[in-house]
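Structure below; questions to follow.
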Amino acid sequence: MNFVAIDFETANPDLSSICQVGIATFADGNLWDKWKSLINPGDYFDPFNVSIHGITEEDVAHSPKWHEIYPEIASRLRGAIAVSHTAFDRVAFHRACQQAEIEECECTWLDSARVVRRTWTSVARAGYGLAGVAAQLGIEYQPHDALEDARCAGEVLLRAMSESGLSIEEWLVRVNQPIFGTHRLSEYSANPCGPFLGEVLVFTGALVLTRHEAAALAARAGCTIAEEVTRHTTLLVVGDQDSRKLAGYEKSTKHRKAEALILKGQHIRILTEGDFLTSIACCSTGDPVPAAENVPEC
């Protein structure tokens with residue numbers, strides 16, 4: 001839950017022309033520190049860029065240049081997980097260091113846009129820009145300010161961690177795997193002999209088990225695993241839900257949607273992770289369970 005989110009604004013299309021930096025430091029899942037600064041890129045300001053972020057050549061005339069402010073930036077990034085929304089900020093960092101002939105500090109980069117695309121299927125192919133995702137999740141922020149963009153990227157990552165149940169270390173692995181394919185929970189094959197055959201199950205919140213371990217157990221019990229709550233859902237398994245990451249709500253989006261469908265007459269049973277695992281154990285017949293094609297050993 002510890003990471004540093006970073007964002008840059010540039011003076012022109014050249015990504016090395018950084019004119020503002022914003023860094024939001026998160027510790028134990030909370031925003032711990034905010035810092036930003038204007039930077040003199042020593043380059044021209046394109047009117048188009050100025051129209052987006054509002055920063056002009058006059059604004060940065062007395063601001064530090066990259067090589068002057070870099071030690072402060074490096075002190076915040078060194079040894080940390082550095083989060084940026086899309087790869088452009090990472091490339092800007094690299095290009096600015098390259099141009100100033102500065103050796104980059106060591107940190108581990110994580111692209112929050114790649115996290116978003118693997119967490120919410122609705123934005124897997126399009127619509128995963130920071131503004132759109134923030135609006136979807138109810139996160140308020142003012143775009144095109146480096147610090148606001150950094151803070152928002154960090155808040156989005158926290159929501160994705162809560163929604164997926166994956167830790168930041170697990171996300172460092174998951175972002176390098178295909179968005180769709182055998183890594184999707186929905187591709188675990190339901191055991192046709194399982195006691196829960198016919199149930200359509202969705203997970204929400206942080207589970208004690210990893211999502212894939214839980215999905216494998218559920219599939220062996222006969223469940224069909226789905227990514228989102230729909231009119232086909234019959235079971236919702238709820239893990240720990242940290243209210244700090246739920247935009248003022250006490251329950252996740254999936255949990256609230258399931259309750260709304262229940263009120264409309266749909267039969268959905270909502271279970272805690274513990275009750276779900278106990279139910280599987282109680283309903284087990286003891287018969288050998290055939291290994292499903294896409295279900296790995298847990």
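Which one is nearest to H144 (Cα to Cα) among residues in segment 76-106 that are assigned to a loop (DSSP other than H, G, I, E, B) and touching a residue at least 60 places away in the same chain (Cβ under 8 Å)? I'd like the intermediate steps shown before the answer.
Taking segment 76-106 first, the residues assigned to a loop (DSSP other than H, G, I, E, B) are 78-80, 85-87, 100-106.
Of the ones still in play, those that are also touching a residue at least 60 places away in the same chain (Cβ under 8 Å) are 80, 85.
On the way: A80: 24, H85: 12 Å.
Looking at residues that are assigned to a loop (DSSP other than H, G, I, E, B) and touching a residue at least 60 places away in the same chain (Cβ under 8 Å), I get H85.
How many residues does segment 75-125 contain that are over 23 Å from the mean Cα position of the chain (by Cα), more than 17 Å from Q20 (Cβ to Cβ) and surrounded by 21 or more Cβ atoms within 10 Å (Cβ to Cβ)?
The qualifying residues number 0.
I'd like the full set of residues that are of a type outside the set (D, E) and at pLDDT below 85, limited to segment 154-188. Steps first, please.
Residues of segment 154-188 of a type outside the set (D, E): 154, 156-162, 164-168, 171-186, 188.
Once the filter is applied, which keeps residues that are of a type outside the set (D, E) and at pLDDT below 85, segment 154-188 yields Q177, P178, I179, F180, G181, T182, H183, R184, L185, S186, Y188.
Could you grab the pairs with beta carbons closer than 6 Å, sequence gap of 6+ or different chains, first residue in segment 150-177 and among the acidic types (D, E), second one at pLDDT 90 or above and assigned to a helix (DSSP H, G or I)?
Final answer for the pair search is E163/T119.
Condition check ((1) over 30 Å from E155 (Cβ atoms); (2) among the hydroxyl-bearing types (S, T, Y); (3) modelled with pLDDT of 90 or more; (4) touching a Lys or Arg at 6+ places or on another chain (Cβ under 7 Å)) across all residues:
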site	(1), (2), (3), (4)
F203	no, no, yes, yes
T230	no, yes, yes, no
K264	yes, no, yes, no
I270	no, no, yes, no
G274	no, no, no, no
C282	yes, no, no, no
V295	yes, no, no, yes
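Same structure, new question: Limited to segment 1-56, what total is found for residues that are in contact with a Pro (Cβ under 9 Å, 6 or more places away or on another chain) and either assigned to a loop (DSSP other than H, G, I, E, B) or closer than 22 Å to I81 by Cα (or both)?
The total comes to 10.
D28 passes all but one of (1) among the charged types (D, E, K, R); (2) within 23 Å of A134 (Cβ to Cβ); (3) modelled with pLDDT of 95 or more; which number fails?
Result: D28 fails condition (3) only.
Next question, about the same structure. If we scan segment 63-74, do we find a residue that is loosely packed, with under 15 Cβ neighbours inside 10 Å, out of contact with any Gly (no Cβ under 9 Å at 6 or more places or on another chain) and either of a type in the set (A, V, I, L, M) or closer than 25 Å to V173 by Cα (or both)?
Among the residues of segment 63-74, not one is loosely packed, with under 15 Cβ neighbours inside 10 Å, out of contact with any Gly (no Cβ under 9 Å at 6 or more places or on another chain) and either of a type in the set (A, V, I, L, M) or closer than 25 Å to V173 by Cα (or both), which makes the answer no.
Please specify each residue of segment 109-130 satisfying the condition of being within 15 Å of L157 (Cα to Cα) and either in a helix (DSSP H, G or I) or in contact (Cβ under 8 Å) with a residue 60 or more places away in the chain (or both).
Answer for segment 109-130, where residues must be within 15 Å of L157 (Cα to Cα) and either in a helix (DSSP H, G or I) or in contact (Cβ under 8 Å) with a residue 60 or more places away in the chain (or both): L110, D111, S112, A113, R114, V115, V116, R117, R118, T119, V123, L130.
The values are calculated or read from the model by the stated rules, or taken from the named source; none is laboratory data. Keep in mind that this is a model prediction, so the values were computed, not measured. Cβ coordinates were reconstructed from backbone atoms using ideal geometry, including for glycine residues, and neighbour counts include every protein chain displayed.
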